[in-house]
Amino acid sequence: MSDRLFIFDTTLRDGEQVPGCQLNTVEKIQVAKALEALGVDIIEAGFPVSSPGDFNSVIEISKAVTWPTICALTRAVERDIDVAVEALKYAKHKRIHTGIGTSDSHIKYKFNSTREEIIERAVAAVKYAKKYVEDVEFYAEDAGRTDNEYLARVIEAVVKAGATVVNIPDTTGYCLPSEYEAKIRFLKENVNGIDNAIISTHCHNDLGMATANTIAGIIGGARQVEVTMNGIGERAGNTALEEVAMILKSHHEFNIQTNINTQKIYPTSRMVSSLMNMPIQPNKAIVGRNAFAHSSGIHQDGVLKNLQTYEIINPHDVGIDDSSIVLTARSGRAALKHRLSSLGIDLEKEKLDKVYDEFLKLADRKKDINDDDVLMLAGAERSTNKRIKVDYLQVTSGVGVRSVASLGLDIAGEKFEAAASGNGPVDAAIKALKNIIHRNMTLKEFTIQAISKGSDDVGKVHMQVEYNKHVYYGFGANTDIVAASVEAYIDCINKFIK
């Protein structure tokens, strides 16, 4: 019989810590249901004590999903655990994930403590959580830089206190795969009672080794992996769920099974990318736009003769239909609905009608409608209820003339107009916008990204705007990059204006 590997997804906790990727509760529920359908065993739904929004999201996710375990993160603090217990009250299967830093760096500089005091705090937290839930996971933060002998002492103490899962995070992404495998193996061989708990990996990608370290951890004896969709997460990200799932599916020598329905990987990936406004790099393994594309003549010749010459994964295995319906201005609602559904988005008739109207306008301007275009349209529809909307935008620019923009806004049903000149069309449009919205805002970051090639392509704009000492993140997409820029700026403003 093969080994069972548990998939712990932290897209909604660690993944959502990425600046600009915050989701509202309704969107989190949508992601949680998709993760349930994907076959994830444990969903880390949030850090309840951190904010009322996180607290409420854990409650609502607990109500929305049925069979996965719902996990809430805490520090080794009684109040954190109390709040997590309250947030998990509706979960059918509940887990508290508590822990503390164990590296000398964390002990000295973060906690101003000693090794013995850290063990005492770790044990106390596990025992306290154990009073309320049977399933308690302990994380030894910065375990990657913790010496193995001391780490073994910590893990032995928390397992004895009742921890059912012990998480060994490579918090800074520092470990080499051989080091991480040796660390897991050391714990397996030197911790009394380790068979009473599951060892978990939690690897970050700072040096590009998150997936390699996770696989090394599995080889060393870990039987839970903590992952995110598309590898999103703080700094350089976390281990990508899709990569681990397909490595195990492709390498039969592991003889390790997961509960993941791999054919749901691609639609789930695209849905998370769309909701979080996090574009997937084209060469991203498994789910990138070019993952199954072949441009080299030699490669194309080989693939046409036999797919296995250059493809080790069947696109169908990850939910990519290589004979998908091509969308044009002559496509009907059914075709658009089919494409949206394949991307993990199901819209009610009224919302579908609005998206279809925008789709026809875009299809008249573009020769090729791709998946990112469709996701952009669906995402734009989700923003239609915002307080501030663009009525019209007209820009005059050219060589040797100063750019001028005229802008009309609808703010909660009231109409406003303004004009401004600037150093280029985007600058002029933003200045016109500021002439209407009289707030002291500072543009901190402005990034333009084309979805694919072509002069008729949709451009994506990501912005950071500082207002009242807080930074707000905005997103816009349009075939007109000036319009996309205005949309992104307004998206920022809608997040703080009342």
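The values are calculated or read from the model by the stated rules, or taken from the named source; none is laboratory data. Owing to the predicted nature of the structure, the values given are computational and were not obtained by experimental measurement. No Cβ is skipped: glycine too gets one built from the backbone with ideal geometry, and neighbour counts run over all protein chains shown. Heads up: the accessible areas ignore ligands, DNA and RNA and are worked out on the full protein's heavy atoms, side chains in. Shrake-Rupley method; radii C 1.70, N 1.55, O 1.52, S 1.80 Å.
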Nearest 10 degrees, 0 to 90: helix 481-494 Cα axis against the chain principal axis: 60 degrees
How long is the gain from ARG402 to GLN263 if the chain were fully straight, where each residue apart is worth 0.36 nm and the alpha carbon distance is subtracted? 44.8 nm
Between ARG115 and ASP364, what is the label-point separation in nm under the 7 Å Cα-to-beta-carbon projection? 7.3 nm
Using the per-residue mean of other Cβ atoms lying within 10 Å as a proxy for protection, in what order, highest first, do the peptides 254-261, 9-16, 24-31, 328-335 fall? 9-16, 24-31, 254-261, 328-335
Could you pull out the chymotrypsin sites (Phe, Trp or Tyr not before Pro) across region 1-96 that fall in loop regions by DSSP (anything but H, G, I, E, B) with no more than 16 other Cβ atoms inside 10 Å? TYR90
Once fully extended, how much extra length lies between SER105 and ASN440, figured as 0.36 nm per residue of separation less the alpha-carbon to alpha-carbon distance? 116.6 nm
Taking Cα atoms, the helix 371-382 axis meets the longest principal axis of the chain at an angle in degrees (rounded to 10) of 80 degrees
With just the Cα atoms defining each centre, how far is region 397-430 from region 57-86? Give it in Å. 47 Å
Could you work out the local net charge near VAL65, counting Lys and Arg as +1, Asp and Glu as -1, over the other residues with Cβ closer than 9 Å to its Cβ? +2
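What does the charge count around ASP206 come to, taking other residues whose C-beta lies under 11 Å from its C-beta (Lys +1, Arg +1, Asp -1, Glu -1)?
Overall, the nearby charge balance is -1.
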I'd like the carbon and sulfur percentage of the solvent accessible area for the chain, probe radius 1.4 Å, heavy atoms only, ligands and nucleic acids excluded. 49 percent
Amide H neighbours of ALA140 under 5 Å, counting only residues 5+ apart in sequence or on other chains, H built in-plane at 1.01 Å? ASN167
Expressed as an acute angle from 0 to 90° and rounded to the nearest 10, what is the orientation of the C-alpha long axis of helix 115-130 relative to the principal long axis of the chain? 80 degrees
At 7 Å along the Cα-to-beta-carbon direction for both LYS386 and GLU134, put a label point, then send me their distance in nm to one decimal. 4.8 nm
Label of the coordinate-derived value, Kirkwood radius over Cα pairs in Å, listed as [x] 27.9; [y] 24.6; [z] 23.9: [y]
Would you mind counting up the charge near GLN17? Only other residues with Cβ under 13 Å from its Cβ, with Lys and Arg at +1 and Asp and Glu at -1. -3
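Roll a 1.4 Å probe over the protein chains and send me the accessible area per residue for region 388-494 in Å².
That works out to 51 Å² per residue.
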State in Å² the accessible area per residue of region 147-296; use a 1.4 Å probe, count heavy atoms of protein chains only, and round to the nearest integer. 38 Å²
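Give a quick list of chymotrypsin sites (Phe, Trp or Tyr not before Pro) in region 389-498 that DSSP marks as loop, anything other than H, G, I, E or B, with at most 13 other Cβ atoms within 10 Å.
PHE496
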Between GLN17 and ASN148, what's the calculated FRET efficiency when r is the beta-carbon distance and R0 is 35 Å? Round to 0.05. 0.80
